[in-house]
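*Asks:* Before anything else, here's the structure in question.
Just so it is clear, none of the values below were taken in a lab; they were calculated from the coordinates. Predicted model only: the values in this text are computed from it and were never measured. Here the Cβ positions follow ideal geometry from the backbone for every residue, glycine too, while neighbour counts run over all protein chains shown.
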Amino acid sequence: MKPETAAYAARRILGEMPERMTLIPHEEGGGFYSAWKVDCFGGTFFLKQSCPTELSIYERTARDSAGFPAYLGSAYFRGKPYLLLEYIEGHDMMRCTRGDLILVLDALIGIQRAYWQSSETVGDSFEKTFASCRNRRAFLQDARLLPAYDAFLAAYEQTPHTLCHNDLLPFNVRVDGRRAVLIDWEHGGILPYPLPLARLLAHTMEDPDALFFMTVEDRRFAILYYYDVLIKEAGISLDDYLHTLALFFLYEKTEWIYVYNRFKKRRDARFAAYQQSAHALAARLCAEQTSDALLSAMLA
């Protein structure tokens, strides 16, 4: 996208033409987001080309600032929505530290507590996301996974709902040492509560060279901290919570199996690693092993 296009979108919200627009690069390299750091007389802001789902979430949650970057307005330009948000000097969670992890968990918990069992319609619908989960099943092509995956689908329908970021990978947070915010809400809505935590943790590895680094101890801490601070107060037992979370971990572990089978990609080490993890977790789920065994499988 030409920078002048984004600048005109920013002007519609700010009322002035920015002095400088700086594209935001992909964390994984190889390109840029349709997002900019905007410098103007009134300060520094963050502008992004967005989508109706994300716009609806920010408009609905504008009063609930905790856990979100401050929402400063939006405008349509050439048929596309643009959001203006506060610019946060900070970093993501691709190299996890315990202090940052606590800030991110507190942000997530604050959002989910405010919308626990909400009947509101915001963001993606339950029906849309559940259809996507059902569609994935057809591409797993693995009899060893299907019984556990069917248990996941049953849990998806029965698990309490709240506002969920449905793509909470470690680069979709910003932490500045004092607080954390969840960003990039293109996918989210009132959905089963384990979705964001499972996604945040299931793709991390203890290998320092991994894309998302997190120690086993920090993953264990996150799982139990989230339960102690949020889920326990909902009257859900630790055993039920760990079993449900393990099912949502299984869903995350099938992601690359689905991608490779669905799009007929050449299988590589990533496919093999995810398949191995999914098989191990599915076996424990189908064997109805203890909560400690399920926790160990999530941490493997």
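*Asks:* I'd like the trypsin sites (Lys or Arg not before Pro) in region 253-288 restricted to DSSP loop residues with at most 15 other Cβ atoms within 10 Å, sorted by number. Mind showing how you got there, number by number?
*Replies:* On the way: sites: Lys253, Arg262, Lys264, Lys265, Arg266, Arg267, Arg270, Arg284; in loops: Lys264, Lys265, Arg266, Arg267.
Listed in order of number, the matching sites are Lys264, Lys265, Arg266, Arg267.
*Asks:* In a Gaussian network model over the chain where Cα atoms closer than 10 Å are linked, find which of Leu168, Leu23, Leu105 has the largest mean-square fluctuation.
*Replies:* Ranking Leu168, Leu23, Leu105 by mean-square fluctuation puts Leu23 first.
*Asks:* Moving on to the next point. With a ≥ b ≥ c the root eigenvalues of the C-alpha gyration tensor of region 9-153, is it rounded (a/c under 1.5), prolate (a/b larger than b/c) or oblate? Mind showing how you got there, number by number?
*Replies:* Numbers: a/c = 1.78, a/b = 1.74, b/c = 1.03.
Since a/c reaches 1.5 and a/b is larger than b/c, the shape of region 9-153 is classed as prolate.
*Asks:* I'd like the Karplus ³J(HN,Hα) series for region 246-262: coefficients 6.51, -1.76, 1.60, θ = phi - 60°, whole numbers in Hz, and an x wherever there's a Gly or Pro.
*Replies:* Karplus-based 3J(HN,Hα) across region 246-262 equals 4, 5, 6, 4, 4, 4, 5, 6, 8, 4, 6, 4, 4, 4, 5, 6, 5 Hz.
*Asks:* On to the next question. Determine which aspartates and glutamates satisfy two conditions relative to Lys80: a Cα distance under 13 Å, and not lying fewer than 8 residues away in the same chain.
*Replies:* Partners within reach: Glu54.
*Asks:* Let me ask something else about it. Report the FRET efficiency, 1/(1 + (r/R0)^6), for Ala234 and Lys37, where r is their Cβ-Cβ distance and R0 is 25 Å, rounded to 0.05.
*Replies:* Result of the calculation: an efficiency of 0.05.
*Asks:* Which aspartates and glutamates, if any, have their Cα less than 13 Å from the Cα of Lys128, not counting same-chain residues under 8 positions apart?
*Replies:* Within the straight-line limit of under 13 Å, Lys128 reaches these aspartates and glutamates: Glu157.
*Asks:* Tell me the GluC sites (Glu not before Pro) within region 8-52 that lie in a loop according to DSSP and have at most 11 other beta-carbon atoms within 10 Å.
*Replies:* Numbers: sites: Glu16, Glu19, Glu27, Glu28; in loops: Glu16, Glu19, Glu27, Glu28.
Qualifying residues, ordered by number: Glu16, Glu19, Glu28.
*Asks:* Turning to a different aspect of this structure: Hey, in the GNM for the chain with a 10 angstrom Cα cutoff, which one of Gly177, Gly30, Gly15 fluctuates hardest?
*Replies:* Greatest mean-square fluctuation among the candidates belongs to Gly30.
*Asks:* Evaluate the distance, in nm, between pseudo-label points positioned 7 Å from the Cα of Glu27 and of Cys286 along their respective Cα→Cβ axes.
*Replies:* The answer from the label model is 3.4 nm.
*Asks:* Please compute the contact order of region 11-147 in relative form: average sequence separation of alpha-carbon pairs under 8 Å and at least six residues apart, divided by the residue count, as a percent. Spell out each step's value before the answer.
*Replies:* On the way: 148 pairs, mean separation 24.9, N = 137.
Result for region 11-147 is 18 percent.
*Asks:* Also: Measuring from label point to label point, each 7 Å out along Cα→Cβ, what is the Phe263 to Arg179 span in nm?
*Replies:* With each label point 7 Å from Cα toward Cβ, the separation is 3.6 nm.
*Asks:* Going through region 139-227, which GluC sites (Glu not before Pro) have at most 15 other Cβ atoms within 10 Å and a DSSP loop state? Please list the in-between numbers first.
*Replies:* Details: sites: Glu157, Glu186, Glu206, Glu217; in loops: Glu186, Glu206.
Taking region 139-227 and a limit of 15 other Cβ atoms within 10 Å, the loop GluC sites (Glu not before Pro) found are Glu206.
*Asks:* For a test of the definition: using alpha carbon positions, the gyration tensor, and the 1.5 limit on a/c, classify region 3-86 as rounded, prolate or oblate. List each step's numbers first, then the result.
*Replies:* On the way: a/c = 1.39, a/b = 1.17, b/c = 1.19.
Rounded shape, in that the Cα axes give a/c under 1.5.
*Asks:* Right, here's the next one. Give me the percent relative contact order of the chain, please, defined on Cα pairs under 8 angstrom at least 6 residues apart.
*Replies:* Details: 495 pairs, mean separation 50.1, N = 300.
Averaging sequence separation for qualifying contacts and normalising by length gives 17 percent for the chain.
*Asks:* Let me ask something else. Please list 3J(HN,Hα) in residue order for region 155-162, calculated via the Karplus relation 6.51 cos²θ - 1.76 cosθ + 1.60 where θ = phi - 60°; whole Hz, with x for glycine and proline.
*Replies:* Listing the rounded values in order: 5, 4, 6, 9, 6, x, 9, 7 Hz.
*Asks:* Counting helices only, and only those DSSP H runs with n ≥ 4, report the 222 nm mean residue ellipticity of the chain as the sum of -39,500 (n - 2.57) divided by its residues, in deg cm²/dmol to the nearest 500.
*Replies:* Values: 11 runs with 134 residues, N = 300.
Estimated from H runs of four or more residues: -14000 deg cm²/dmol.
*Asks:* Compare the peptides 65-73, 286-294 by average per-residue count of other Cβ atoms within 10 angstrom and give them in order, highest first.
*Replies:* Values: 65-73: 17.4, 286-294: 13.8.
So the peptides 65-73, 286-294, ranked by packing, come out 65-73, 286-294.
*Asks:* Work out from phi, with θ = phi - 60° and the Karplus expression 6.51 cos²θ - 1.76 cosθ + 1.60, the ³J(HN,Hα) of each residue of region 109-125, listed in order in whole Hz, and give x for Gly and Pro.
*Replies:* Using θ = phi - 60°, the values come out as 4, x, 5, 5, 5, 5, 10, 4, 6, 5, 9, 5, 10, 8, x, 5, 7 Hz.
*Asks:* On to the next question. Evaluate the distance, in nm, between pseudo-label points positioned 7 Å from the Cα of Tyr76 and of Arg20 along their respective Cα→Cβ axes.
*Replies:* It is 3.4 nm.
*Asks:* What's the local net charge at Tyr71, with K and R +1, D and E -1, over the other residues with C-beta under 9 Å away?
*Replies:* Once positives and negatives cancel, what remains is -2.
*Asks:* Okay, which of region 130-169 sit inside 12 Å, backbone N to the point 7 Å along the Cα-Cβ direction of Gln117?
*Replies:* Only 160-162 pass the distance filter.
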